[in-house]
Amino acid sequence: MGNGNRFSQEMKERSVRLVFDQVKGNEPTWPAIVSVSAKIGCSAETLRRWVRQAERDSEKREELEMLRRDVRDLDKASEALRLAAILFAQAERDRQK
């Protein structure tokens, strides 16, 4: 069993970027993974796992950004409804006078 710290996080990230830079459109990533892994001295399977993890992390980051936008939009809508309720309450109070 090998040591999981042979490559620094920076090296892993750079290697993954190299794979992504070599892949265009819907082309398969495997040829790029094999090419880059040979250059950095790791197995293609190891680099494939790094690439897949980066893809999952990217999807999670995008989902988190989308959820944060949704929360901001909901906060704005909630504030608008709160202000509308205040205005309607004031108008009702003025009407009853």
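Where a number appears in this text, it was derived from the coordinates with a stated rule and is not lab data. If you're wondering where the values come from, they're calculated on a predicted model, not measured in any experiment. We place every Cβ from the backbone using ideal geometry, glycine too, and count neighbours over all the protein chains shown.
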Problem set entry | For segment 9-96: lysine pairs under 24 Å (alpha-carbon distance), excluding those fewer than 8 apart on one chain | 5
Exercise. For the chain, what is the calculated [θ] at 222 nm in deg cm²/dmol (nearest 500), taking -39500 (n - 2.57) for each run of four or more DSSP H residues and dividing by its residue count?
Worked result: -28500 deg cm²/dmol
Exercise. Hey, got the dipole for the chain? About the Cα centre, +1 on K and R Cβ, -1 on D and E Cβ, debye to the nearest 20?
Worked result: 160 debye
Problem set entry | Gain in span if fully extended, Ile40 to Arg56, counting 0.36 nm per residue against the direct Cα distance | 3.5 nm
For this session: Divide, for the chain, the radius of gyration over alpha carbons by 2.2 N^0.38 Å, where N is the residue count.
Result: 2.05
For this session: With label points built 7 Å along Cα→Cβ from the Cα atoms of Met11 and Ser78, find their separation and express it in nm.
Result: 4.7 nm
